[in-house]
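Novice: First the structure, then my questions, so here it is.
Taken together, the values in this text are just the output of simple stated rules run on the coordinates, not laboratory data. Quantities reported herein were computed from a predicted structural model and do not represent experimental measurements. Because the Cβ atoms are built from the backbone with ideal geometry, glycine has one as well, and the counts that use them run over all protein chains shown.
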Amino acid sequence: MALPAAILLLAGVAALAPAAARALPRAGGVALALPVAAAGALLVAAGRGGGASIDVPWLPALGMSVAFRLDGLALLFALLVTGVGALVVVYAWSYLADDPRRGRALAALLAFAASMLGLVLADDLLILYVFWELTSVTSWLLIQLRHERAEARLASWQALLVTAAGGLALLAGFVLLGLAAGTSRVSWILADAASLAGDPLLPWAAGLVVLGILTKSAQVPFHAWLPRAMEAPTPVSAYLHAATMVKAGVYLALRLVPILGAVAPVRWTLVLAGGASLIVGAGRALLESDLKRILAYSTVSALGLLLLLAGVGTPAAVHAALAYTLAHALYKGALFLAAGAVDHGAGTRDTDRLSGLRRAQPFTAAAAGLAALSMAGVPASFGYVAKEAAYGSVLAAGRPLLLAAAVLGSALLVAGAVVAGWLPFRARPTAAAAHAHEVAPALFAPALALATVGLAAGVAPGVADALLFPASAAVAGAPPAEPLALFHGGTGAALSAATLALGAIAVAARPRLRSALRSEAGPSRDAFRGALRLLEVTAKRHTAVLQTGSLRGYLAVTFGVAAALLAAGFVRGGVAPAWTLGAPRAPELVVGALAMAAAVAAVRSRSRLAAIAALGGVGYAIGLLFLLFGAPDLAMTQIAVETVTVMVFLVAFRHLPRFTRLSSAASRTRDAVLAGAVGILMAALVLSAAGTRSFAPISTWHVERSVPDAHGRNVVNTILVDFRGLDTLGEATVLAIAGFGIVALLKLRPRRDA
Amino acid sequence: VSSLILQTASRAIAPLLLFFSMYLLVAGHDEPGGGFVGGLVATAALTLHAIAFGVGSARRALRLDPRTVAGLGLVLAVAAVWAGPAFGRAPMAGLWVDGPGRTALSLGTPVLFDAGVYLVVLGSALNALFGLAEEE
C-alpha cells in the first residue's frame, strides 16, 4: 500500500500547491517539501523488509495489472526523486517568490515528481509507459512556464515532440517485449530474461526501447532539446537534470540491462551513442559561456557515460553506473541551484562577465565549489569514487577504447567543472560582481546540502554502498564483487591523474578553442525549426490538394473509389449477382417505379423546391419498400428522416442562391455515368450478398433472446438500446457533437465575412 | 412566412406529433418505434411550429435550450449505462422495476437509455435547425 500511497501523496500535494501559494506565502515551500520528504521516508520504511509490491488486477483479459514494485534500484531512484525533490521545492518557493505563477509552477513540479516516482515504481510495462509519458507532459508544462517567451514555447515543443516520439517507439518496443515474454510484468520478464535470448521479436523490442531511452536521456543525436530546455526556471532545470526526466532513460536502461544486453547491436548502440554523447556533450559544454547551458551540455555528457556503462552491462559496470548516477544527482543538482543563486545575486549567468563572486556570495561559492570538486572527480569526492569505479569496470571488461573515451570525456568534464564552479567565484571581481549580493538561505542551503552530501559520500563510500548494493543486486541478481573504495590501486590513480591533467590542458586551451569554433555554434537549433516549418508547409499543400471545398468533388471521389473497388471485386470473381428473391409483387413494382420516377424528376427539375420535394419522394418510396418487406421500424425511421430532411431544406432555403445550372453538359454526363455505375454496381453487390451466406444469420438469435434477455418484443429496439447499446451511446455522442459543430460553423461564418 | 393555413394546421398537428413521438418512445420496446424515431418526430413537430410561428416561438415552446436538451439526453444515456454497476451488475446491464414478468408499461434502464437517445436526437437536430433558421 505504501507505493501507491507515496505517488498519490505527491499528486495530492501538487493539487494543493496553488492554494498553498495563496495561503502560506512565506512557509509554503517547507509545507510542500515536507510531504515530498515524507513520501521518501515512507518508501524507505517499505523497503526495509527487502522490498514491497502491490498488484491490483486491472484488465485481467490482457493480463494487465496496476502493479508497483519497490526493489533496490527503484528505491535509489525514488530517493533521488523525493530527496532532491524536497530540496528543489524549498528552493523553487523562494526562487519564484515574486512570480505570479508560483503556485502553478509548484503544482507542475510536484505532478512531475509524482509521475517520475510512478515511473520508477511501476512493475508493468504499460503502467511504466503511462508514467513515462506523464513525465514528458509535465516537463512540457514546466519548460513553457514562461510561455510569453517564444523561445520557451519552442523549447517546450521540442522537448515534448522529441521525447514523445521516443515514447511512441518505447510503447511499440514494450508491446513487442510483452508479446515475446507473454507477460507485461517487468519483474517476471526480467526473472525469465534468459529464455528470451533467441526470440525473433527481441531485437526489435530492444531496439525500439533504446530509441525511447536515447531521446529521453537527450543522447546524440537527439540531445538538442535539453540545452534549449534551459528556458525553464533554474530549479526546474536542476530537478530535470539531477533526479528526473533524463534520468528516466538511465533508469530504464539499467532496469532492462538483462534484456538490452542480450542483443549485440542494441548493446553497441547504447555504447556508441553514450560514448558520442560523453565526448560531444562535454566538448560543447566547454564552448558555452552561459552557466546553465554549460551544465546542460555536461548533463548530456554524464548521461552518455551512464548509458555507456549500461551498454557494457557487467555487474561492476552497473554498480559504477549506479554510483555515478548518485554522484551526478548530487553535484549537478547543487551546481544548478548555485547557478540560480548566482543569477539572482549577480543578475547574470554569463561566465564571461562573472568573476570574484566569492566575496559577495560566500555560501553559494562554497556550494558550487564543493559540487565542482565532485564533478571534476577530485580525490575524496564521491564523483571521484564513482569515476574510479567506472574506469575499473570498463578496464575489467577489456574495452581499452571505451576506457580512452571515458577518460577523454571525463577530462573535458573537469574543464566544465572549472568553468562552472570556479571561474565565477575566483578572486578578481568584475563589474557584474560588484553589485552582487548573497541570496536568501533557502536559495543556497539546498545547494550546500547536496554538495556536502556529495563530499561526505566520497570520504565514506561504504555509506553510499548501503544504498547502492541492493540496487546493484536488483539489476544483476547478485551484489557486485567489489565495494566502492577511495583507492583502486595504481592503475586507477594513474588514470585519475591523467584525467585531471588533460582537464587542466582543456581549461588552458578553452579560450582559443572558443574563438576558433564560435561561428558554428548551434546547428541543431535550426534543424528543429526547419523540420517544424517543413511539417507546416506539407500540411498546407496536402490540405490544398485534398480539401478543395467542392462537395461535388468529394462525392465524385467517394463514389468513384467505391465503384472502382466494386468493379475490381466483380472482375476478380468469386461472387456473382444472382436473383434469389422470387418474382416481384405488383405493389413492389409500383413503388419501385415511383422511386425511379421521383429520382429522374429530381435530376431534371428546374426549380429547387420541386427538386427537394422529388428527393423526398424518393425517400418516402424507399420507406414504403421497407414496409412492404416487413420492416416497419426501418420504414418509420426512413420516413421521419425524410420529413426532417425536407424541413431542413425548407428552413435553409432562403440562404441558398437562386437556382441556376452552372455545370456543363459534359460534366453532367460524367456525373450521370458515375451515378449509373455506382447504382448498378451497388445493386449487383446487394444481389450477390443476398445469395451468399457463409454463416448462420445472427438475427434468429436476436429474435429468440429478445424477450427473455432484453425484456422487449421489438427486436430492432432491443438491439439498439440493449444488445448493442454501447454502439448507440457512441452514435448519440457523435450526433450531439455534430449538432454543436453545425452551430459552430454557422456562427463562425458571418465573422469571417465582416 | 406567416400563413394562416399553416399556423392553424400546425396548432393542431404539432401537439399530436409530440404525443405520437412520446408514444413511439414508450411503446418502442415492444412495438415499432423507439427513441431515435421518436426524437425525429418530435423534431418535426417543433420544426413545423418554427416554420409556422418563427424560431423564437419554437424556442419558447421548448423552454430549454436545444443544447441543454442534447446534454440532458447524454446524461440520461450515460446514467442508464452506469446504473448496472450501482446495483452490482455489469455496465449496460438492463434493470427492470417489474422483475422478469411483463406489464403493460415496463420501466427499466433501457427505457431510460432510449429516452436519452430521444433527447439527444431532438436536441442535436433542433440545435442545427434553429441555428440554420436564425442565421441572417
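Novice: What does the convex hull of the alpha-carbon atoms of the protein assembly as shown project to on average, in nm²?
Specialist: Orientation-averaged projected area of the Cα hull: 48.0 nm².
Novice: Would you mind checking the tilt of helix A:523-546 against the longest principal axis of the Cα atoms of chain A, expressed as 0 to 90 degrees and rounded to 10?
Specialist: Rounded to the nearest ten degrees, it is 0.
Novice: Count charges around A:ALA74 for me, please; just the other residues with Cβ under 10 Å from its Cβ, Lys/Arg as +1, Asp/Glu as -1.
Specialist: Within the 10 Å Cβ shell, the charges total 0.
Novice: Sticking with this one: Rounded to the nearest 500, what is chain A's calculated 222 nm mean residue ellipticity when only DSSP H runs of at least 4 contribute -39500 (n - 2.57) each, over all residues? It would help to have the intermediate numbers written out before the result.
Specialist: Values: 32 runs with 565 residues, N = 754.
Helix-only estimate at 222 nm: -25500 deg cm²/dmol.
Novice: So how far apart, in nm, are the two label points at A:ALA478 and A:ALA427 if each is 7 Å from Cα heading toward Cβ?
Specialist: Here the answer is 5.6 nm between the modelled labels.
Novice: Cα convex hull of region A:132-179: how many Å³ per residue?
Specialist: Once divided by residue count, the hull of region A:132-179 is 40 Å³.
Novice: Taking a quarter of the surface of the Cα convex hull of region A:272-412, what do you get in nm²?
Specialist: Convex hull of Cα atoms, orientation-averaged projection: 7.7 nm².
Novice: Near the amide H of A:ALA52, under 5 Å away, which other amide H atoms are found, from residues 5 or more places off or on another chain, if H is placed in the peptide plane?
Specialist: Correct list: A:LEU70.
Novice: Rg and Dmax of region A:626-694, using alpha carbons, in Å: what are they?
Specialist: 18.1, 52
Novice: Right, here's the next one. Mind giving me the FRET efficiency for A:ALA675 and A:THR548? R0 is 25 Å, r the Cβ-Cβ distance, nearest 0.05 is fine.
Specialist: My answer for the efficiency is 0.80.
Novice: Based only on the alpha carbon positions, what is the Kirkwood hydrodynamic radius of region A:39-187, in angstrom?
Specialist: It is 16.9 Å.
Novice: Using the basic label-point model (7 angstrom from Cα toward the beta carbon), what is the B:TYR23 to A:ALA194 distance in nanometres?
Specialist: According to this spin-label approximation, the distance is 7.9 nm.
Novice: Size of region A:682-754 along its principal axes in angstrom, Cα-based, largest extent first?
Specialist: That works out to 60, 38, 16 Å along the principal axes.
Novice: Okay, moving on. Take each of the peptides A:403-411, B:119-127, average the number of other beta-carbon atoms within 10 Å over its residues, and list them starting from the highest.
Specialist: Result, highest mean Cβ count within 10 Å first: B:119-127, A:403-411.
Novice: With unit charges on the beta carbon (Lys/Arg positive, Asp/Glu negative), name the residue among A:SER374, B:ALA80, A:LEU34 whose Cα is farthest towards the positive pole of the charge dipole of the protein assembly as shown.
Specialist: A:SER374
Novice: Sort A:161-170, A:453-462 by packing, meaning the average of other beta carbons within 10 Å per residue, with the highest value first.
Specialist: A:161-170, A:453-462
Novice: If the reach is capped at under 28 angstrom between alpha carbons, list the lysines near A:LYS387, excluding any in the same chain fewer than eight residues apart.
Specialist: A:LYS216, A:LYS247, A:LYS292, A:LYS332
Novice: Once the Cα atoms of helix A:461-476 and of chain A are each reduced to a long axis, what angle between those two axes, in degrees from 0 to 90 to the nearest 10, is obtained?
Specialist: 30 degrees
Novice: Okay, next question. Between rounded, prolate and oblate, where does region B:1-82 land on the alpha carbon gyration tensor, with a ≥ b ≥ c its root eigenvalues, rounded for a/c under 1.5, else prolate if a/b exceeds b/c?
Specialist: In terms of gyration-tensor shape, oblate.
Novice: How much length would be gained if the chain were fully extended between A:SER664 and A:ALA380, taking 0.36 nm per residue of separation minus their Cα-Cα distance, in nm to one decimal?
Specialist: 93.2 nm
Novice: Hey, another quick one. What order do you get for A:GLU588, A:GLU133, A:GLU151, A:GLU288 when you list them from fewest to most C-beta neighbours inside 10 Å?
Specialist: Ranking A:GLU588, A:GLU133, A:GLU151, A:GLU288 by Cβ neighbours within 10 Å, fewest first, gives A:GLU151, A:GLU588, A:GLU133, A:GLU288.
Novice: Still on this model: If a/c stays under 1.5 just call it rounded; otherwise compare a/b with b/c (prolate if a/b is bigger, oblate if not). Do that for region A:259-331, with a ≥ b ≥ c from the square roots of the Cα gyration tensor eigenvalues.
Specialist: oblate
Novice: Can you tell me the orientation of helix B:35-53 relative to chain B, as the angle in degrees between its alpha-carbon axis and the longest Cα principal axis, to the nearest 10?
Specialist: Computed tilt is about 20 degrees.
Novice: Evaluate E = 1/(1 + (r/R0)^6) for A:ALA434 and A:LEU24, where r is the Cβ-Cβ distance and R0 equals 22 Å; express this FRET efficiency to the nearest 0.05. It would help to have the intermediate numbers written out before the result.
Specialist: Details: r = 36 Å, r/R0 = 1.63.
After rounding, the FRET efficiency stands at 0.05.
Novice: What list do you get for A:PHE629, A:PHE444, A:PHE425 if you sort them by fewest beta carbons within 10 Å? Please report the intermediate quantities before stating the final value.
Specialist: On the way: A:PHE629 11, A:PHE444 27, A:PHE425 24.
So the residues, fewest neighbours to most, are A:PHE629, A:PHE425, A:PHE444.
Novice: Using just the alpha carbons, could you tell me how many Å³ per residue the convex hull of region A:21-92 encloses? Kindly include the intermediate steps, with their values, before the conclusion.
Specialist: Values: hull volume 8.7 nm³, N = 72.
That works out to 121 Å³ per residue.
Novice: Determine the shielding of peptide B:42-53 by partner chains: average, over its residues, the number of Cβ atoms on other chains within 10 angstrom of each Cβ.
Specialist: Numbers: counts 1, 5, 6, 0, 1, 7, 2, 0, 2, 3, 0, 0.
For this peptide, the per-residue mean of nearby foreign Cβ atoms is 2.
Novice: Based on the alpha carbon coordinates of region A:58-103, what radius of gyration and maximum Cα-Cα distance (Dmax) apply, in Å?
Specialist: 17.8, 52
Novice: Binned at 5 Å from 0, what are the whole-percent values of the Cα-Cα distance distribution for region A:445-494, short to long?
Specialist: 5, 18, 19, 19, 19, 13, 6, 1
Novice: So for A:SER694, A:SER184, A:SER663, A:SER237, fewest C-beta neighbours within 10 Å to most, what's the order?
Specialist: A:SER694, A:SER663, A:SER184, A:SER237
Novice: Turning to a different aspect of this structure: Can you find, among A:GLY679, A:VAL90, A:SER667, the residue sitting farthest towards the positive end of the charge dipole of chain A, where Lys and Arg contribute +1 and Asp and Glu -1 at Cβ?
Specialist: Going by the Cα projections, it comes out as A:SER667.
Novice: Can you give the percent of C-alpha pairs in region A:404-492 whose distance is more than 18 Å?
Specialist: Pairs farther apart than 18 Å: 70 percent.
Novice: Using a 7 Å offset from the Cα along the Cα-to-Cβ direction at both B:GLU134 and A:LEU685, what is the distance between the two label points in nm, to one decimal?
Specialist: In this crude spin-label approximation the distance works out to 4.0 nm.
Novice: I need the calculated FRET efficiency for the pair A:MET1 and A:LEU201, taking r as the beta carbon distance and R₀ as 41 Å, to the nearest 0.05. Could you put the intermediate results ahead of the total?
Specialist: Details: r = 35 Å, r/R0 = 0.86.
The computed FRET efficiency comes out at 0.70.
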